[in-house]
Every structure is written in C-alpha cells, then in structure tokens.
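The values are calculated or read from the model by the stated rules, or taken from the named source; none is laboratory data. Because the structure is a prediction, the values reported are computed rather than measured. Here the Cβ positions follow ideal geometry from the backbone for every residue, glycine too, while neighbour counts run over all protein chains shown. Keep in mind that these areas ignore ligands, DNA and RNA; they rest on the heavy atoms of the full protein, side chains included. Shrake-Rupley method; radii C 1.70, N 1.55, O 1.52, S 1.80 Å.
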Amino acid sequence: MTTPTIGVLALQGDVREHLKALADTGAQGRPVRRAEELDAIDGLVIPGGESTTMSKLAVVFGMLEPLRAFVRAGKPVYGTCAGMIMVADKLLDAREDQETFGGIDMIVRRNAFGRQNESFEAAIDVAGIPGGPVEGVFIRAPWVESVGAEAEVLATYDGHTVAVRQGNVLATSFHPELTGDHRVHALFVDMVRHTV
Ligand code: GLN
C-alpha cells in the first residue's frame, strides 16, 4: 500500500491542517464524522481542539463506542493535544463526565502547560524522528503525568512527557500540523503503512 487512507476525526478541532499535513506526507486524508466512515480508513488522526466538546460530540454522534472499538482493533491512531487527551485511558483535571476513546495506558493532565503559559513553542527531540528536534507548538496543552509499562515515552519537555506511543497509538501534547515540519505525521503514516 503506497498511499494509505487516513481519516481525521472532524467533530471539532483543527481538521484542515491535519488533512494538509497528511497530503504532504504521502497519505490520502479524509474527514470522518460518522461511524460508518471508520470502515473505509487505514488509520485515524484525532486533532487538537477542545476535548470536552469533542467528547460530548462523540456521544451525540454515536461515535464513542465505534471509536473505542477502532482503537481496540489495533488500527493506528494519532492524537495531537486534545487528541492526546482522547486517547488516554485516564485523565486529571477533566470534568467527571468527560469520556475518552482510550488506547494508551497513561494519565494525562488537561491544560497542564496552559496554566503556566497559555501558548508557547519549543524544540522537541522525538525518539524515532531523525534530523534534529521538531518545532513543538503547545496551546493550552496537556502533559502526561505517568505511563504504564506498555507505553513508550518518545519525548519530554521541561521534565514532562509530551509524546508517547503504545502499540499503534501515538500521541503528542503539541501540534505538528501547525508547522511546516511534518516529520511526526510521516512517522504516523509509516505506522499505518506497516499495519495494513
Ligand atoms: N486544552 C484543550 C483540551 O483540554 C486542548 C487544547 C488543544 O488541543 N490545543 O481539550
């Protein structure tokens, strides 16, 4: 498979930027709003945005269980920022009724960097990405408080975990789709290519 089809969950968030980053890294991106559309994709990106809203919309649109099943089936999923929150098995500083799709055995703290500094950029070294650090754009970003034995920490910033992979699920606190450097998307597209 040379050109995998990768969905971008389009309930809420910065969908367009991810579609562009996927196109730039050799994948066919397509917005996904309905459960049936999950059948036609090889992998899924969950964008940045607002995870409480995304969680509510997933329930309203009947996407919560289908997305959990998608992750459980071992399909590749990449979450950025709010998307990282959505692939966490457990949250801190979230509303009681906030749901996640899960996939990574980790505890993610919402708005963790946000309280200190609403938005900032930093050079981030990501394990498995050659060519030097990537530009990390953090916007009211979460961090990973702790990970389980199966999860691999790929990057830290200021002592906090900001990129994690467990099996076919990848998550970053920051937004590579907002920069011109799409090496993290290239890594994800590679994961998808190796899965199908
Ligand atoms: N703070 C947001 C949330 O909790 C995430 C911010 C982002 O995706 N840029 O959902």
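Per the Debye formula with a single identical scatterer at each Cα and no solvent contribution, what log10 I(q)/I(0) holds for the range 91-196 at q = 0.09, 0.15, 0.19 Å⁻¹?
-0.22, -0.63, -1.02
Looking at the P(r) of the range 1-105, how many percent of alpha-carbon pairs lie beyond 22 Å?
The calculated P(r) of the range 1-105 puts 22 percent of pairs beyond 22 Å.
What percentages make up the Cα-Cα pair-distance distribution of the range 47-104 when the bins are 5 Å wide from 0?
Taking all Cα pairs of the range 47-104, the binned fractions are 5, 20, 33, 30, 11, 2 percent.
Using only the Cα atoms of the chain, each taken as one equal point scatterer with no solvent, compute I(q) by the Debye sum, divide by I(0), and report log10 of the ratio at q = 0.15, 0.19 Å⁻¹.
With one equal scatterer per Cα and no solvent, log10 I(q)/I(0) is -0.80, -1.39.
With all protein chains present, calculate the accessible area of Glu65 using a 1.4 Å probe and round the result to the nearest 10 Å².
Surface accessible to solvent at Glu65 totals approximately 100 Å².
Can you list residues whose amide H is under 5 Å from Gly79's amide H, if they're 5+ apart or on another chain and H is modeled 1.01 Å from N?
Ile46, Leu170, Ala171, Thr172
Going highest first, how would you order 96-107, 169-180, 5-16 by mean Cβ packing within 10 Å?
169-180, 5-16, 96-107
If you put +1 on each Lys and Arg Cβ and -1 on each Asp and Glu Cβ, how big is the dipole of the range 12-135 around its Cα centre, in Debye rounded to 20?
With only Lys, Arg, Asp and Glu charged at Cβ, the dipole is about 200 debye.
Please list the equivalent ellipsoid semi-axes of the range 112-161, computed as the square roots of five times the alpha-carbon gyration tensor eigenvalues, in descending order and whole angstrom.
Whole-Å semi-axes of the equivalent ellipsoid: 19, 17, 7.
Mean residue ellipticity at 222 nm from the helices of the chain, using -39,500 (n - 2.57) per DSSP H segment of n ≥ 4 over the full residue count, to the nearest 500 deg cm²/dmol? Mind dumping the intermediate values first?
Values: 6 runs with 52 residues, N = 196.
Dividing the helical sum by the residues of the chain leaves -7500 deg cm²/dmol.
Among Val184, Pro47, Ala10, whose Cα sits farthest toward the positive end of the charge dipole of the chain (+1 at Cβ of Lys/Arg, -1 at Cβ of Asp/Glu, about the Cα centre)?
Towards the positive end, the residue furthest out is Ala10.
Calculate the length of the line joining the C-alpha centroid of the range 91-149 to that of the range 25-80, in whole Å.
Using only Cα atoms to place each centre, the spacing works out to 18 Å.
Per residue, how much accessible surface does the range 1-151 expose to a 1.4 Å probe? Answer in Å², no decimals.
45 Å²
In vacuum, with every alpha carbon of the range 1-59 counted as one equal point scatterer, what does the Debye formula give for log10 I(q)/I(0) at q = 0.16 Å⁻¹? Two decimals, please.
Debye curve over Cα of the range 1-59, log10 I(q)/I(0) at q = 0.16 Å⁻¹: -0.46.
What do you reckon, how do Asp89, Asp39 stack up by accessible area (1.4 Å probe), largest on top?
Largest to smallest exposure gives the sequence Asp39, Asp89.
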